[in-house]
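Reading through the structure tokens given below for one structure.
The values are calculated or read from the model by the stated rules, or taken from the named source; none is laboratory data. Here the structure is a predicted model, which means the values were calculated and not measured. Using ideal geometry, Cβ is built from the backbone for each residue, glycine included, and neighbour counts are taken over all protein chains shown. Heads up: the accessible areas ignore ligands, DNA and RNA and are worked out on the full protein's heavy atoms, side chains in. Shrake-Rupley method; radii C 1.70, N 1.55, O 1.52, S 1.80 Å.
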Amino acid sequence: MRQLLSSAAIVVAMTATASAGPAVMVFPLSAGKLPTAMAKAPAKLTEALARSIDAEVANVPIEDAAGLLDCDPEATPCLEAVSRSVKAKRIVFGAITADDDGAVKVTLTRFDPGPDRQQRTFELVSTTTDSMAEELARVAAPLFGKTAQPMVGDKPPPNPTDPDGPTGPTGPRGPDDGTHTDPAHGSIRGSTWGIVGGGAAITGIGIALLVSARGIADEVDKAPRNTPQDFKELTALESKGETRQRLGLVLTAVGAVGLGYGIYRALGDRRAPPSEASAMHLTPVPLPGGAALVLTMGMP
């Protein structure tokens, strides 16, 4: 008897709804086991969703409507039959779930006879039932061709080009405000050009010494070797050539490193101003029987 009355109530509810012929019908969201604090969530979320898309709320869940028609609500023919029974151009239904960690998810299905079926799942981050209802209406708007509206209290992202924004005159000032001396983006510092020029000059000197050493080697090959004086001059000439060759190799290597570093630093200057000062220093260091150049570089 109870089952008969229940079925009769469903028939009456669906008949009354069908006579109105709403454009969109939202069936009450179903829910499994929810926390006690969320006992009213299915009804409130259903009402908020219906208001946001100008729809009517059905008197029975989609499962009961499909059960009356003896069909599976997951099947497209069943949903088409339910749509015809309530004379709606679109029906919406879904379910609410909450996991052990308290995460609340709402899965919504939008069905248009034809058929056109879209389903999406939304995870709600709000903590109260009323705020969840508002959040669902907001995040689900694109599913129904609407623009998602910001929730109350939400703030738009800052506009970096706004002079009055967080980084502008009225916003908080950074620690370097008024004292920032780094060049603007895209500019190459004068010290960088100095490093590039110095590296190129040192490389040029080294190459010149190597060329000179090569010339001295040619002179050594052509020098006479007839008298002791000739051999004495030949020894001095060979020593001179070896000295220039060693110095040329050192200066060429040091200059090439400096030139490469200058180019690397110039590329860094073009991308962004460095956070720390960079420099290159060539320091002569005396050694037994000669000297060496020590290259010291600060990386940007």
Spin-label point model (7 Å from Cα, Cβ direction): what's the GLN118 to ASP99 distance in nm? 2.6
Largest to smallest accessible area among GLU74, GLU56 [probe 1.4 Å]: GLU74, GLU56
Order these peptides, 84-90, 120-126, by their mean beta-carbon neighbour count within 10 angstrom, highest first. 84-90, 120-126
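Once the other residues with Cβ under 13 Å from the Cβ of ASP230 are scored (Lys, Arg +1; Asp, Glu -1), what is the net sum? Working shown, then result.
Values: positive: LYS222, ARG225, LYS232; negative: GLU219, GLU233, GLU238.
Neighbour charge sum, excluding ASP230 itself: 0.
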In nm, to one decimal, how far is the ARG225 label point from the ALA266 one, both placed 7 Å along Cα→Cβ? 4.8
Using a Förster radius of 22 Å, what is the FRET efficiency between LYS87 and ARG51 based on their Cβ-Cβ separation? Nearest 0.05, please. 0.60
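In the range 71-148, what is the volume of the convex hull around the alpha carbon atoms, normalised per residue and reported in Å³?
Convex hull of Cα atoms, per residue: 104 Å³.
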Going down the list LYS33/LYS87; LYS40/LYS89; LYS89/LYS146; LYS40/LYS87; LYS44/LYS146; LYS33/LYS89, which pairs span over 24 Å between their C-alpha atoms? LYS33/LYS87; LYS40/LYS89; LYS40/LYS87; LYS33/LYS89
Compute the distance in nm between two label points, each set 7 Å from the Cα along the Cα-to-Cβ direction, one at VAL125 and one at ALA23. 3.3
Straight-line reach from LYS222: which lysines have Cα under 27 Å away, leaving out those fewer than 8 places along the same chain? LYS232, LYS240
